[in-house]
Amino acid sequence: MATERRTMLSRTADHLFWMARYIERAENTARMLDVTLTTSLLPQSPQQAERGWRAMLGISELQPRFDAMHETMSVPAVLDFMVRDPDNPSSIYSCLQAARENARAVRGSLTTDVWETHNYTWLQLQSQLSEGLLQSDPKQFFEWVKFRSHLTRGVTIGTMLKDEAFYFTRLGTFLERADNTARILDVKFLDEAAGPVPVADGQVQVQVQAQPIVVAPRAGANGPVLSSGTDGNGQPHYLDYYYWAAVLRSVSAFEIYRRVYRDVITPLRVAELLILRRDMPRSLAASVDEVCANLEQLKNDRSGETARRAGLLRAELQFGRVEDLLAQGTHVFLTSFLERVNDIGQRISQDFLVPPEMLR
Amino acid sequence: MYVAHGNVRPHYGSFEGWLAGQSDDLMRLKRTEADQVFRRVGITFAVYGDGAGTERLIPFDVIPRIIPEPEWRFLEAGLRQRVRALNAFLHDVYHGQDFLRAGHMPMEQVLRNSQYRPEMRGVDVASNIYAHIAGVDIVRAGAGEYYVLEDNLRVPSGVSYMLENRRMMMRLFPELFVRNRVAPVEHYPDLLLENLRSVAPQGVDDPTVVLLTPGMYNSAYFEHAFLAQQMGIELVEGKDLFVQDTGVYMRTTRGPVRVDVIYRRIDDDFIDPTAFRSDSSLGVAGLLDVYRNGRVTLANAVGTGIADDKSIYPYVPDMIAFYLGEKPLLANVPTYCCRKPEDLDYTLAHLAELVVKEVHNAGGYGMLVGPAATRAEIEEFRTRLVAQPDNYIAQPTLALSTCPTYVDSGIAPRHIDLRPFVLSGKTVTMVPGGLTRVALREGSLVVNSSQGGGTKDTWVLEA
């Protein structure tokens with residue numbers, strides 16, 4: 001009896017999976033907003049700052065929705081849209097609500113501690129927003145979101161039985177994290193791919209339209225694989241430093257970078273750390289590792305192909321070299337990665353969450 | 001809590017002494033804390049028709065309702081007796097109909113009642129138990145003078161409030177439980193699970209029990225999730241179940257799993273769209289057939305509504321005599337059946353003093369509380385009553401007991417009732433006490449949460 005693997009309702013698994021995804025998404029949205037807010041404070045032209053915000057919206061696939069609702073780009077408008085807009089399904093508000101609603105739908109399968117953590121997050125969010133924390137201290141608000149997510153994960157690990165409910169929850173967490181870290185990275189790489197914007201002197205024509213996904217050829221004789229963050233004279237470009245430092249900080253990797261590389265920050269190493277390092281908890285490799293491990297725990301007679309695809313992705317990250325992965329262009333690599341993660345997510349739904357007798 | 005001349009009833013003595021020593025500020029703080037904790041725990045109910053995310057708390061009062069143990073022993077014996085008789089009546093109504101044939105009540109009153117389910121004629125249910133969970137509403141008039149107000153035998157709710165109210169009191173005022181020997185109630189989910197397992201279809205040794213809920217937008221959803229979690233059983237919705245061959249199965253991540261006992265919190269009407277209301281999306285198509293063939297147990301059984309209908313209620317004392325050969329321990333509230341001409345005449349002449357109820361309604365809807373009604377309301381009700389006398393019963397308003405309760409102006413007496421939960425399976429079990437509901441409006445006798453009622457912790461105080 002004790003060793004018997006407990007089955008669970010497909011619907012329950014579905015809710016748990018999405019409950020975990022939404023709280024993770026809320027956390028990463030907070031991280032992404034935080035880094036964009038920080039870099040927007042650097043001395044730069046308004047156009048450059050705006051481009052940063054646009055890149056963030058673009059990578060979240062939210063630019064059209066934002067433009068439909070707002071005529072101009074302003075920091076308060078973007079924050080409002082990304083944090084508290086209930087009509088934006090990706091806003092922190094919508095994510096935390098969805099996480100809580102999913103938890104409520106399966107609270108019979110959660111420990112009291114897990115349920116109360118979700119419920120209290122939702123209740124506190126409403127009072128935080130009504131008290132104006134987002135306006136008065138956005139960084140503190142983002143910290144709060146992050147820590148509620150930390151707490152949720154900790155409570156999950158600390159109180160839940162390690163059965164299917166647990167593995168589905170974890171699967172959701174890491175699939176979402178793989179997706180989100182890729183997007184956070186892509187904000188910067190997409191920006192890079194759009195081509196350099198001259199440091200503003202107010203006279204240069206600045207592109208403010210969202211960039212089509214065009215990747216500048218980076219390989220071969222044209223120069224280094226990645227923009228090395230130096231100008232032609234080998235002088236570090238101080239703005240670039242701050243951008244990359246902010247990206248690192250947004251995934252809690254700044255100190256780790258220093259510890260691992262003991263050297264200056266270069267885009268190539270940032271990419272290596274956040275894509276390939278399996279010991280870096282928010283990296284793509286670490287997230288895909290966890291996806292594979294949890295899939296292994298959950299495997300059923302339909303999930304073989306999903307496991308194979310996830311395993312293939314893991315192998316590429318495990319044995320790949322950053323130069324090769326990025327030879328195709330960072331943005332191209334990340335786009336393809338996002339597609340594959342999305343494919344795995346859809347396959348998980350089919351394998352576990354939609355009961356076979358309904359597929360007939 | 002008080003006897004007529006304002007003296008404290010002895011079993012409240014210890015509590016009153018304690019309360020007198022607490023500052024108003026502290027009590028206010030504790031009441032705020034209770035509200036916050038209930039919100040965090042999510043003991044809320046959804047309000048229909050209100051905007052998204054509207055969830056309300058049922059008001060909780062921190063002053064407990066106290067029942068001395070000897071009074072509870074008496075209540076318990078009366079409840080056992082009553083529920084045994086009701087289960088015997090249900091079995092009889094769907095089999096030999098001896099009670100009807102012996103002339104104890106008019107045949108057509110059962111057979112033409114919308115709560116009577118002809119589909120259940122001749123169907124044998126496990127252990128002959130129909131009302132596995134009964135929530136019997138009781139009021140107290142004078143000292144130790146208890147009356148049964150109604151027997152809820154369909155999908156009685158409220159037990160989670162009984163449990164959460166106790167948990168809350170122990171959290172807010174642990175010292176009270178050191179000073180007073182309060183009989184524990186926390187083992188209710190254990191008794192319930194044991195009870196449900198005991199009524200599995202024959203031949204099933206290790207039954208799979210599930211709780212069937214209408215879903216998270218139902219007002220009692222919290223309770224469904226809470227009980228499922230406490231019992232460690234799956235909380236399922238209709239769409240999670242399906243009928244195949246001769247069994248009911250749930251859809252799991254590893255394929256279909258057979259279900260043996262369904263603790264259903266969905267009314268008969270919605271449980272099987274192929275048998276009852278075809279527009280129901282909450283139920284399971286084909287469930288009734290499997291059930292009738294004895295391949296799954298439903299708790300409560302289909303068709304229990306015939307025994308808790310207000311038009312049947314007046315006959316329960318006769319059922320006790322008929323089936324058990326015993327004298328009823330718990331009295332009914334005197335009831336006028338407006339179906340009878342002489343009772344109708346009396347009712348029409350005394351509308352301002354009586355409570356008139358629709359026989360099939362529940363939840364405090366469709367009733368007239370004479371002493372609290374305006375002349376216009378009485379006249380309007382009179383028209384309805386004359387038009388359809390069969391549809392109504394009338395009862396005198398009792399001098400209901402009150403309990404001190406926090407209200408806006410301070411502490412004031414408010415009317416209360418009690419809903420103990422009686423579990424019937426291989427044996428009849430219950431935890432001491434039940435859910436105490438309180439009418440928060442001054443003078444009001446209506447305790448239903450849909451009508452502005454609140455709840456209290458209920459203490460059975462061991463001597």
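I'd like the residue in the range A:81-92 that is assigned to a helix (DSSP H, G or I) and surrounded by fewer than 20 Cβ atoms within 10 Å (Cβ to Cβ) and, out of all such residues, is farthest from the other protein chains (Cβ to nearest Cβ). It would help to see each step written out before you state the result.
We begin by selecting, within the range A:81-92, every residue assigned to a helix (DSSP H, G or I); these are A:81-84, A:92.
With surrounded by fewer than 20 Cβ atoms within 10 Å (Cβ to Cβ) added as a condition, the list becomes A:81, A:84.
Numbers: A:Phe81: 19, A:Arg84: 14 Å.
So, considering only residues that are assigned to a helix (DSSP H, G or I) and surrounded by fewer than 20 Cβ atoms within 10 Å (Cβ to Cβ), the one farthest from the other protein chains (Cβ to nearest Cβ) is A:Phe81.
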Q: Residues being closer than 28 Å to B:Gly135 by Cβ and not β-branched (Val, Ile, Thr): count how many of those fall in the range B:363-383.
A: 11
Q. Before we move on, is A:Arg21 touching a residue at least 12 places away in the same chain (Cβ under 8 Å), away from every other protein chain (no Cβ under 14 Å), of a type outside the set (Ser, Thr, Tyr) and touching a Cys at 6+ places or on another chain (Cβ under 7 Å)?
A. no
Q. What's the number of the condition B:Arg140 fails, among (1) in contact with a Phe, Trp or Tyr (Cβ under 7 Å, 6 or more places away or on another chain); (2) closer than 30 Å to B:Ala20 by Cα; (3) surrounded by fewer than 21 Cβ atoms within 10 Å (Cβ to Cβ)?
A. (3)
Q) Right, B:Val83: surrounded by 20 or more Cβ atoms within 10 Å (Cβ to Cβ), closer than 18 Å to B:Arg65 by Cα and not hydroxyl-bearing (Ser, Thr, Tyr) or not? A) no
Q. Given the conditions (1) out of contact with any helix residue (DSSP H, G or I) (no Cβ under 6 Å at 6 or more places or on another chain); (2) in the same structural domain as B:Tyr221 (by TED's automatic domain parsing), and given that B:Arg277 satisfies all but one, which numbered condition is not satisfied?
A. (1)
Q: Output yes when any residue across the range A:154-177 is free of Cβ contacts under 8 Å to residues at least 12 places away in the same chain, in contact with a His (Cβ under 9 Å, 6 or more places away or on another chain) and surrounded by fewer than 19 Cβ atoms within 10 Å (Cβ to Cβ), and no when none is.
A: no
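Of all residues being of a type in the set (Gly, Ala, Ser) and outside any helix (DSSP H, G or I) in the range B:69-120, which is nearest to the chain's Cα centre (by Cα)? Just the residue, please. Outline the logic, then answer.
Looking only at the range B:69-120, we keep the residues that are of a type in the set (Gly, Ala, Ser), and these are B:77-78, B:85, B:88, B:96, B:102-103, B:114.
From what's left, outside any helix (DSSP H, G or I): B:96, B:102-103, B:114.
Numbers: B:Gly96: 28, B:Ala102: 30, B:Gly103: 29, B:Ser114: 20 Å.
Across the range B:69-120, the extreme among qualifying residues is B:Ser114.
Just to check your reading of the model, which residue among A:Glu131, A:Glu164, A:Glu71 is in contact with a Leu (Cβ under 8 Å, 6 or more places away or on another chain) and either within 13 Å of chain B (Cβ to nearest Cβ) or charged (D, E, K, R) (or both)?
Values: A:Glu131 fails: in contact with a Leu (Cβ under 8 Å, 6 or more places away or on another chain); A:Glu71 fails: in contact with a Leu (Cβ under 8 Å, 6 or more places away or on another chain).
None of the others qualify; the one that does is A:Glu164.
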Q: Starting from residues that are among the basic types (Lys, Arg) and more than 14 Å from chain B (Cβ to nearest Cβ), keep the ones in the range A:270-299 and report whichever is surrounded by the fewest Cβ atoms within 10 Å (Cβ to Cβ).
A: A:Arg278
Q) What is the one condition in (1) part of a helix (DSSP H, G or I); (2) surrounded by fewer than 21 Cβ atoms within 10 Å (Cβ to Cβ) that A:Arg302 does not satisfy? A) (1)
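For the structure I just gave you, tell me whether B:Met250 is touching a strand residue (DSSP E or B) at 6+ places or on another chain (Cβ under 6 Å), buried (at least 18 other Cβ atoms within 10 Å of the Cβ) and in contact (Cβ under 8 Å) with a residue 40 or more places away in the chain. First the steps, then the outcome.
On the way: touching a strand residue (DSSP E or B) at 6+ places or on another chain (Cβ under 6 Å): yes; buried (at least 18 other Cβ atoms within 10 Å of the Cβ): yes; in contact (Cβ under 8 Å) with a residue 40 or more places away in the chain: yes.
Here the answer is yes, as B:Met250 does meet what is asked.
Give the residue, chosen from A:Arg65, A:Arg107, that is within 10 Å of chain B (Cβ to nearest Cβ) and free of Cβ contacts under 8 Å to residues at least 60 places away in the same chain. Can you show your working first?
Working: A:Arg65 fails: within 10 Å of chain B (Cβ to nearest Cβ).
Result of the check over A:Arg65, A:Arg107: A:Arg107.
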Q | Scope the range B:324-354; condition in contact with a Leu (Cβ under 7 Å, 6 or more places away or on another chain) and not aliphatic (A, V, I, L, M); matching residues | A | B:Cys338, B:Thr347
Q: Within the range B:372-393, identify whether any single residue is surrounded by 15 or more Cβ atoms within 10 Å (Cβ to Cβ) and part of a loop (DSSP other than H, G, I, E, B), and answer yes or no.
A: yes
Q: Give just the number: which of (1) in contact (Cβ under 8 Å) with a residue 60 or more places away in the chain; (2) surrounded by 18 or more Cβ atoms within 10 Å (Cβ to Cβ) does B:Met231 not satisfy?
A: (1)
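If we scan the range B:133-148, do we find a residue that is farther than 30 Å from B:Pro10 by Cβ, touching a residue at least 12 places away in the same chain (Cβ under 8 Å) and either assigned to a helix (DSSP H, G or I) or more than 16 Å from the chain's Cα centre (by Cα) (or both)? If you could, list the steps in order and put the result at the bottom.
Looking only at the range B:133-148, we keep the residues that are farther than 30 Å from B:Pro10 by Cβ, and these are B:133-134.
Retained after the next criterion (residues that are touching a residue at least 12 places away in the same chain (Cβ under 8 Å)): B:133-134.
Keeping just the survivors that are either assigned to a helix (DSSP H, G or I) or more than 16 Å from the chain's Cα centre (by Cα) (or both) gives none.
The answer is no, given that none of the residues of the range B:133-148 is farther than 30 Å from B:Pro10 by Cβ, touching a residue at least 12 places away in the same chain (Cβ under 8 Å) and either assigned to a helix (DSSP H, G or I) or more than 16 Å from the chain's Cα centre (by Cα) (or both).
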Q. For B:Met162, are the conditions met, namely being in a helix (DSSP H, G or I), touching a Lys or Arg at 6+ places or on another chain (Cβ under 9 Å) and either surrounded by 17 or more Cβ atoms within 10 Å (Cβ to Cβ) or at pLDDT 95 or above (or both)?
A. yes
Q) Looking at A:Glu61, A:Glu24, which one is outside any helix (DSSP H, G or I), of a type in the set (D, E, K, R), closer than 29 Å to A:Val332 by Cβ and within 20 Å of the chain's Cα centre (by Cα)? A) A:Glu61
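The values are calculated or read from the model by the stated rules, or taken from the named source; none is laboratory data. Please read these numbers as outputs of a predicted model, since none were measured by experiment. In this analysis, Cβ positions are derived from the backbone assuming ideal geometry, glycine residues included, and neighbour counts consider all displayed protein chains.
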